[in-house]
1. How many residues, within region 92-125, are in contact with a His (Cβ under 9 Å, 6 or more places away or on another chain), open to solvent by 60 Å² or more (accessible area, probe 1.4 Å) and more than 16 Å from Leu391 (Cα to Cα)?
2. Just a yes or no: is a residue in region 335-354 modelled with pLDDT under 95, more than 16 Å from the ligand (Cβ to nearest atom) and part of a helix (DSSP H, G or I)?
3. May I ask you to list the residues in region 366-411 that are of a type in the set (A, V, I, L, M), within 16 Å of the ligand (Cβ to nearest atom) and open to solvent by 60 Å² or more (accessible area, probe 1.4 Å)?
4. Condition first: closer than 20 Å to Gly262 by Cβ and not in a helix (DSSP H, G or I). Now tell me which residues in region 174-202 satisfy that.
5. Among the residues of region 50-87, which ones are among the aliphatic types (A, V, I, L, M), open to solvent by less than 20 Å² (accessible area, probe 1.4 Å) and either assigned to a loop (DSSP other than H, G, I, E, B) or closer than 23 Å to Gly112 by Cβ (or both)?
6. From the residues in region 294-327 that are outside any helix (DSSP H, G or I) and closer than 15 Å to Glu158 by Cα, which one is most open to solvent (accessible area, probe 1.4 Å)?
7. Would it be correct to say that Leu127 is in contact with a helix residue (DSSP H, G or I) (Cβ under 7 Å, 6 or more places away or on another chain) and modelled with pLDDT of 95 or more?
8. All but one of (1) under 19 Å from Ala210 (Cα atoms); (2) open to solvent by less than 30 Å² (accessible area, probe 1.4 Å); (3) modelled with pLDDT of 90 or more hold for Pro258; which doesn't?
Amino acid sequence: MVYLKGAEVIEGGDFLGLGDIADSLARSVEDAASRTKSAMFEPVIRLGVTGLSRAGKTVFITSLVANLLDRGRMPQLLAASSGAIRAAYLQPQPDDAVPRFEYENHLAALTGPAPHWPQSTRYVSQLRVSMKVQPAGLLSGLSGPRTVHLDIVDYPGEWLLDLGLMDQSFADWSAEVLARNASREFAAEFLAMAGDFHARDTFEESDAQALAQSFTATLNAARQAGYSDCAPGRFLLPGELEGSPVLTFAPLAKPDRPARRGLWREMERRFEAYKSRIVAPFFRDHFARIDRQIVLVDALGAIHSGPPAVEDLRHAMADVLKAFRPGRNSWLSFLLGKRVDRILFAATKADHLHHSQHPKLTAIMEALLREARDRAEFAGADTAAISIASLRATVEETLDHKGRTLDCVRGILDETGKAAAFYPGELPSDPAQLLVPAGQGETKWLDGDYKVMNFRPARLDLRPGFGPPHIRLDKAAEFLLGDRLR
Ligand code: GDP
């Protein structure tokens with residue numbers, strides 16, 4: 001192994017002298033030795049954090065890290081409350097080519113004198129928290145504390161949903177997307193253009209650009225309307241790829257005889273390039289190395305948007321589970337050396353609800369998860385559902401309103417900067433009351449009206465040893481990490 005790596009360097013690089021070769025081999029041996037040592041004595045947990053854009057990934061990671069460094073608010077993380085975690089600190093992350101999660105900036109946004117929400121996740125990033133843990137049990141007195149590294153990998157959920165593209169041809173993918181959008185008003189313009197253009201037998205870049213722009217606008221409108229089926233994910237979060245040919249394609253119905261140099265064939269080529277140049281490297285370099293996963297879901301946002309968004313969320317959750325259990329013949333199964341063994345689905349922003357409604361939100365998440373497991377025929381990893389608030393921005397208040405007692409939350413409205421009490425509506429105790437109409441294609445809730453407000457993070461006065469206030473972040477951490485910290 002080690003020598004192979006050295007040989008690769010020599011072959012691929014410019015000419016190297018003998019001294020350089022010996023140097024590079026020695027370095028490889030040292031690297032490998034230090035990696036082996038750290039793998040044996042300093043276990044690494046790679047925690048994947050994902051969810052669609054604005055699901056709450058950035059706030060979650062920031063608050064989790066702050067609450068691991070100062071563990072006063074983590075009683076349900078047993079290794080924290082028992083004192084087994086002796087110390088926690090940030091370390092340089094081991095992957096040089098992956099951007100570091102901007103923890104300090106995000107924390108300053110949330111906890112500074114004028115608190116505000118941080119910039120959202122747009123690409124993959126990573127952060128390493130290392131913990132000195134004193135083992136419990138028989139051997140506890142004999143050995144000193146050991147170091148456990150937690151590598152948190154933040155990546156957009158939109159990229160995960162791209163997995164579905166890998167096993168699809170351009171023709172099949174196009175047919176599926178066009179059919180799904182047929183009944184959506186906001187897709188009408190794109191569908192008309194795609195219908196006009198699809199059989200063009202010469203290729204013009206301007207046609208490709210017009211189609212890709214209109215398709216991207218449709219995907220953005222779908223996200224706005226609360227839909228989760230927004231692949232290809234890089235169309236929504238292009239980063240440095242914006243405008244490149246690999247993102248300049250769109251679904252087109254297959255003409256009877258696609259011309260060799262026509263529009264359809266070029267779109268097909270770009271679709272395949274997107275898969276091999278963008279989707280595959282992401283799964284190989286990041287996804288395949290994850291041990292534990294949390295999937296953040298803005299379930300309240302979907303409920304507020306209405307039954308089609310909830311129905312869509314059901315599909316998205318099943319798609320996510322499929323990514324963690326690819327079929328035996330899928331290309332991904334060749335990549336996955338080890339499997340993720342715990343996956344937590346967390347409804348975020350639970351501080352929008354009075355605690356009396358939290359069990360209802362959790363029950364809805366559990367019902368969605370049960371269905372997603374059935375749809376994806378998923379088995380293997382431990383899965384669980386929970387509702388959390390990574391950063392609690394509200395306090396609870398019970399008000400009398402027109403002769404009714406309402407359990408409200410009070411916070412500072414993001415839009416106006418004014419404090420207000422807010423009643424989001426009563427979630428049903430039986431999740432079927434939401435999931436059945438969603439599954440039956442209803443477009444509006446018959447007997448409920450659910451609202452969401454944007455609250456600003458509250459000003460914090462943190463005592464030493466205490467991280468930012470949250471709801472059940474410690475319970476989520478216990479599920480994801482607890483067994484590895486004992
Ligand atoms: P990302 O795109 O998944 O990284 O999402 P962010 O972490 O940036 O969160 C998106 C938005 O959701 C934030 O700007 C907040 O408005 C809201 N948000 C996230 N977490 C919480 C939370 O715990 N409580 C409340 N009230 N709002 C939250």
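1. 1
2. Yes, region 335-354 has at least one match.
3. Step one: filter region 366-411 for residues of a type in the set (A, V, I, L, M), giving 367-369, 372, 376, 379, 381, 384-386, 388-389, 391, 393, 395, 399, 406, 409.
Now narrow it down to the ones that are within 16 Å of the ligand (Cβ to nearest atom): 386, 388-389, 391, 393, 395, 409.
Passing the criteria: only Val395.
4. Listed by number, the residues that qualify are His198, Ala199, Arg200, Asp201, Thr202.
5. Within region 50-87, Ala55, Ile61, Leu64, Val65, Ala66, Leu68, Met74, Leu77, Ala84 meet the criteria.
6. Of everything passing the filter in region 294-327, Asp298 is most open to solvent (accessible area, probe 1.4 Å).
7. Values: in contact with a helix residue (DSSP H, G or I) (Cβ under 7 Å, 6 or more places away or on another chain): yes; modelled with pLDDT of 95 or more: yes.
When the stated conditions are applied, Leu127 passes them.
8. So the condition that Pro258 fails would be (1).
The values are calculated or read from the model by the stated rules, or taken from the named source; none is laboratory data. None of these values were measured; they are calculated from a predicted model. Here Cβ is always computed from backbone atoms with ideal geometry, including for glycine, and neighbour counts include all displayed protein chains. Only protein heavy atoms, including side chains, enter the accessible area calculation; ligands, DNA and RNA are left aside. Shrake-Rupley method; radii C 1.70, N 1.55, O 1.52, S 1.80 Å.
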